[in-house]
1. Considering only region 142-163, I want to know if a residue exists there that is at pLDDT 95 or above, more than 16 Å from the chain's Cα centre (by Cα), part of a strand (DSSP E or B) and of a type outside the set (D, E, K, R).
2. Given (1) in a helix (DSSP H, G or I); (2) not assigned by TED's automatic domain parsing to the domain that holds Ala146, where does Leu302 come up short, assuming only one miss?
3. What pairs can you find where one residue is in region 54-75 and within 27 Å of Ala146 (Cα to Cα), the other is acidic (Asp, Glu), and their Cβ atoms are less than 7 Å apart, with a gap of 6+ or different chains?
4. Pick from Val101, Val92: which is modelled with pLDDT under 95 and among the hydrophobic types (A, V, I, L, M, F, W, C)?
5. Checking Lys16 against (1) more than 30 Å from Arg254 (Cα to Cα); (2) among the charged types (D, E, K, R); (3) not in a loop (DSSP other than H, G, I, E, B), which test does it fail?
6. In region 92-114, what count of residues is obtained for those that are farther than 18 Å from Lys269 by Cα and of a type in the set (Gly, Ala, Ser)?
7. So which residues in region 132-141 are assigned to a loop (DSSP other than H, G, I, E, B) and buried (at least 19 other Cβ atoms within 10 Å of the Cβ), if there are any at all?
8. Out of all the residues in region 22-65, which are closer than 19 Å to Glu297 by Cα, assigned to a helix (DSSP H, G or I) and either among the small types (Gly, Ala, Ser) or in contact with a strand residue (DSSP E or B) (Cβ under 6 Å, 6 or more places away or on another chain) (or both)?
Amino acid sequence: MTLNILFSARPNFWKKYEAPLPRALAEAGIDARVFQPGEVAAEDVDYIVFAPNGPVEDFAPFVKAKAALSLWAGVESVVGNETLQMPLARMVDTSLTEGMVEWVTGQVLRHHLGLDRHIVNPEHDWKFVIPPLARDRVVTVLGLGALGMACAEALVALNFRVRGWSRSAKEVAGVASFSGEDGLLAAVEGAEIVVLLLPDTPATENVMDARAFAAMAEGGFVINPGRGPLIDDAALLAALDSGQLAHATLDVFRQEPLPEGHTFWAHPKVTVTAHTASETRPWSASQAVAANILRAEAGEELVGLVDRGAGY
């Protein structure tokens with residue numbers, strides 16, 4: 001049987017996936033045709049591959065569709081869509097994970113080694129500062145999902161003293177794990193670097209607030225490649241201005257692109273990157289989609305299946 005797969009995303013996405021997605025399906029042994037919105041009747045669609053900002057917002061007409069497979073790791077903008085009643089899977093992609101691990105470890109090492117003092121040194125000061133060893137530096141990773149766990153494991157391999165926090169208890173080799181509301185402050189207490197990799201849900205909004213910043217080691221660093229609402233922006237600026245925090249490296253924001261004139265752009269203790277910490281690569285994302293369709297056709301649980309109650 002030939003499967004009808006609807007691809008719903010902005011035109012620039014289709015250009016990227018037009019070749020690799022059919023190729024990945026064929027290589028996986030899936031007999032399928034890929035359509036864009038308007039090219040196939042809704043009642044004939046078997047699977048929907050979509051970006052949450054794409055043209056399909058009403059999923060109700062797709063009465064035969066077996067699953068909606070997101071091209072994004074974050075599903076906060078679609079998980080509450082009442083028309084989306086079919087199984088929903090977020091993107092779990094090897095290149096997404098690898099890219100995040102590389103970005104996070106790079107930023108952690110940047111702050112751990114104090115590289116900024118040498119990169120920005122207009123006075124040409126001979127700054128003889130010996131950084132501590134990784135084994136003497138506490139790094140806390142908030143969020144131990146696929147991305148957070150991979151980053152925590154990479155930091156353990158670099159010999160950092162790694163803590164992790166998640167909604168429910170997780171066991172990660174070499175990581176001191178905390179969970180639940182009571183475990184949050186314990187996880188950040190005395191931490192010199194905090195990495196945020198939590199999903200955006202009502203329960204995680206402003207998880208890093210004034211109390212959490214105050215619990216960190218004085219002169220600590222915050223790295224956020226997760227979601228903008230995880231941080232109370234006003235509390236972050238106050239912590240930076242008081243010296244409680246030395247620097248914040250932010251890749252995600254409440255409004256993107258970050259508006260011109262926003263305080264973060266000009267703040268001397270803030271580094272802004274343009275939501276580039278990790279990105280799905282069309283070739284590997286297409287392979288992940290094909291693998292999930294194979295699982296669904298075999299009656300197996302989808303990789304990245306979203307828990308509607310938890311919001312991710």
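The values are calculated or read from the model by the stated rules, or taken from the named source; none is laboratory data. Note that the structure is a prediction, hence the values are computed from the model and not measured. Cβ coordinates were reconstructed from backbone atoms using ideal geometry, including for glycine residues, and neighbour counts include every protein chain displayed.
1. Yes, that holds for at least one residue.
2. Among (1) in a helix (DSSP H, G or I); (2) not assigned by TED's automatic domain parsing to the domain that holds Ala146, the lone unmet condition for Leu302 is (1).
3. Correct list of pairs: Ala65/Asp46; Lys66/Asp46; Gly74/Asp200.
4. Val92
5. Evaluating Lys16 over (1) more than 30 Å from Arg254 (Cα to Cα); (2) among the charged types (D, E, K, R); (3) not in a loop (DSSP other than H, G, I, E, B) leaves (1) as the failure.
6. 2
7. Arg137
8. If the condition is that a residue be closer than 19 Å to Glu297 by Cα, assigned to a helix (DSSP H, G or I) and either among the small types (Gly, Ala, Ser) or in contact with a strand residue (DSSP E or B) (Cβ under 6 Å, 6 or more places away or on another chain) (or both), then Pro22, Ala24, Leu25, Ala26, Asp44 are the ones that fit.
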